[in-house]
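Read the structure below first, then the notes.
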Amino acid sequence: MKRVAILISGGGSNMIALARSMEGDHPARPVLVLSNDPAAPGLDRAAALGIPVAAVDHRPFKGDRAAFEAALVKKLDAAAPDVICLAGFMRILTAGFTGRYAGRMLNIHPSLLPKYPGLQTHQRALDAGDAEAGCTVHEVTSVLDDGPILGQARVPILPGDDAESLAARVLVQEHALYPAVLRRYVSGDRTPVLL
């Protein structure tokens, strides 16, 4: 049985989708939900599901990213995860951190990478006049929102869409895509999932 740690910064809706998928015959189980914000609502939601939770508040580290990441590593390594899933974890990680977990850290991003890495993805897709948007699950590397693509889900952009309405429809697909990719990934299959 593979052990999965999930990193969050907020409400944890993707974390919930992942955790709920890891039941029955699933080859993995959640062993830790870790946040950079001790007040993240997702921590209470994870605890209610019986998942161990922890937090490392990034604010006291005031730009000392190495010390913050060392504290994260201590919590992560204590849980001995086989796979780490970033699920709305809003901190940029250094090459030292990503290298430590290379080949076993996944992220979900709300665009069809390589388009629109970073923030404001939905507004950027609208501003570009794109016909579709979507989300991508990829392996994490030292380059932001880069790394081998493990899955994508496409969402049409509708007339009258704004960033909020588009984000809501993309999120529905995120909740389907990330669990599908994780199940395939922990089974040793890195063939991209396309929804």
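Values quoted throughout were computed directly from the atomic coordinates according to the rules given, and no laboratory measurement underlies them. Quick caveat, the model's predicted, so the values are computed rather than measured. Every residue, glycine as well, gets a Cβ built from its backbone with ideal geometry; the counts of neighbours run over all protein chains shown.
As a test, work out the antiparallel percent of DSSP beta bridges whose residues both lie in the chain, rounded to the nearest 5. Roughly 35 percent of the DSSP beta bridges within the chain come out antiparallel. Relative to one another, the C-alpha centroids of region 36-61 and region 74-96 are positioned 13 Å apart. Straight-line reach from Lys62: taking Cα to Cα under 27 Å and skipping same-chain neighbours fewer than 8 places apart, the lysines in range are Lys74, Lys75. Expressed in Å, the radius of gyration and Dmax of the Cα atoms of the chain are 16.2, 49.
A compact globular protein would have a Cα radius of gyration near 2.2 N^0.38 Å; the ratio found for region 139-195 is 1.31. Spin-label model, Ala128 to Asp189: label points 7 Å out along the Cα-to-beta-carbon direction sit 3.0 nm apart.
How much mean residue ellipticity at 222 nm does the chain get from its helices, if each DSSP H run of length 4 or more adds -39500 (n - 2.57) and you divide by all residues, to the nearest 500 deg cm²/dmol? Don't skip to the answer; put the middle values down first.
On the way: 6 runs with 69 residues, N = 195.
For the chain, the value works out to -11000 deg cm²/dmol.
Binning all Cα-Cα separations of region 96-178 at 10 Å, short to long from zero, yields these whole-percent fractions: 19, 49, 25, 7, 0. When peptides 40-52, 125-137, 172-184 are ranked by their average number of other Cβ atoms within 10 Å per residue, the highest-first order is 172-184, 125-137, 40-52. Normalised by residue number, the volume inside the convex hull of the Cα atoms of region 31-115 is 113 Å³ per residue.
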